[in-house]
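Report on the structure given below.
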Amino acid sequence: MIFTSFFKALAQMTDPRFRRVLVMGVGLTIALLVAATAGVLGLIGWLTGETSTLPLIGEVTWVNDVLGWGGLALMLVLSVFLMVPVASAIISLFLEDVAQAVEDRHYPGLPPAPSVPWSEALRDTVGFLGILIAANIAALLLYVLLPFAAIVIFWGLNGYLLGREYFQLAAMRRIGRANAKALAKRNRGKIWLAGVLMAMPLSIPLVNLVIPILGAATFTHLFHSVQTGRGQNAHKDQYHQG
């Protein structure tokens with residue numbers, strides 16, 4: 001089920017709607033990271049001013065430059081780690097376009113999905129972005145303490161987060177938030193494994209930028225697979241009870 005969903009999604013990566021979402025997601029991600037970097041540098045400049053006074057030394061003018069370059073270096077390093085998580089969260093804003101493209105091609109008989117209000121989608125994206133950033137920054141400590149297990153921790157953590165979020169977002173379009181969470185809970189093992197499959201290429205530069213799109217498409221297929229299986233099982237149960 002997982003690999004079937006993955007290869008179906010992979011075969012559709014040339015879809016123009018996929019490319020549109022990719023360009024928009026990466027563009028907004030770069031803009032957000034640049035704005036964050038500018039904000040940090042501006043804050044450093046505001047706090048330190050043009051000159052600073054050091055004990056026993058007196059007034060100096062180089063503290064602002066040192067902190068500025070240090071802040072820039074820090075933001076560049078953080079951007080490397082946060083590029084994909086931030087892109088994943090932002091692309092989740094446009095998941096409906098990816099899911100609709102998948103359904104138009106593979107599930108043409110479905111009725112139109114109710115559109116998710118923009119405010120609700122934005123709230124989910126901000127919450128997802130906060131969790132992703134906090135979890136990946138916290139994981140940096142584990143990478144230092146357990147360098148031999150860093151890649152496994154990275155795959156496991158991001159696989160869990162991406163799998164849970166993308167599956168629920170895909171499911172909510174069709175069955176609502178409460179039912180999506182219940183369905184995700186019943187299939188947590190499959191979802192985590194599929195999420196790890198998505199997280200493994202995240203360590204490959206450039207390739208990792210298409211993973212959010214591939215993940216959204218894969219979990220749309222996965223949702224329909226488990227939902228169909230659940231419906232068939234319920235029908236069998238009713239048949240046996242009858």
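The values are calculated or read from the model by the stated rules, or taken from the named source; none is laboratory data. Since the structure is predicted, the reported quantities are computational estimates derived from the model, not experimental observations. Glycine also receives a Cβ, built like all others from the backbone with ideal geometry; neighbour counts cover every protein chain displayed. Side chains included, ligands, DNA and RNA excluded: accessible areas come from the protein's heavy atoms. Shrake-Rupley method; radii C 1.70, N 1.55, O 1.52, S 1.80 Å.
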For segment 115-164: accessible area per residue (Å², 1.4 Å)
56 Å²
Could you compute the FRET efficiency for M13 and K185, with r as their C-beta to C-beta distance and R0 at 25 Å, rounded to 0.05?
0.25
Extension gain T4-T228, at 0.36 nm per residue separation less the Cα-Cα distance, in nm?
79.2 nm
